[in-house]
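Chemist: Input: one structure, supplied below.
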Amino acid sequence: MVLSDLLAMRGVNLVLRAQELKQVPYRFSGECRRKNMERNEKHMTNVEFLNEIDAIIEAKPGTTAMDDQLASLASWDSMATISFIAMADEKLGLALNADQLASCKTVGDLVKLCAGKVD
């Protein structure tokens, strides 16, 4: 017995279900496309990016430089990593994860991770 036979026994109209399902991907993909367009429009300057890093590590604005080692930043810890991921999502429209950040050694590496979003 195949799935279509089982569904027919339960009174499921496969043609109707298939037509209903055809509509779902279009609505869903349209929503995804709109969100991706919104994400793609988000950009930040280098200065704004550095100021965001300063805010994340609770330093005075203008303190952080591109060549600063993340390990040397006193407040760069797991909470800062999560804060950076949230900032990248909210302000740059990027979906990053902790594994991606683990490969970053400097603030400049974080910029490279945000390729095309930070000028």
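Chemist: For region 46-113, just say rounded, prolate or oblate: build the C-alpha gyration tensor, square-root its eigenvalues into a ≥ b ≥ c, call rounded for a/c under 1.5, and beyond that prolate if a/b exceeds b/c, oblate if not.
Modeler: Rounded, since a/c falls under 1.5.
Chemist: In addition: Taking the highest mean first, how do the peptides 64-72, 77-85, 50-58 order by number of other beta carbon atoms within 10 angstrom per residue?
Modeler: So the peptides 64-72, 77-85, 50-58, ranked by packing, come out 50-58, 77-85, 64-72.
Chemist: Right, here's the next one. For THR106, list long-range residues whose amide hydrogen, built 1.01 Å from N in the peptide plane, is under 5 Å from its own amide hydrogen.
Modeler: Excluding prolines and chain starts, which carry no amide H, the hits are LEU70.
Computed from the coordinates by the stated procedures, all read-outs in this text should not be read as laboratory data. What you are looking at is a predicted structure, and each value in this text was computed from that prediction instead of being measured. Neighbour counts run over all protein chains shown; Cβ positions are idealised from the backbone, glycine included.
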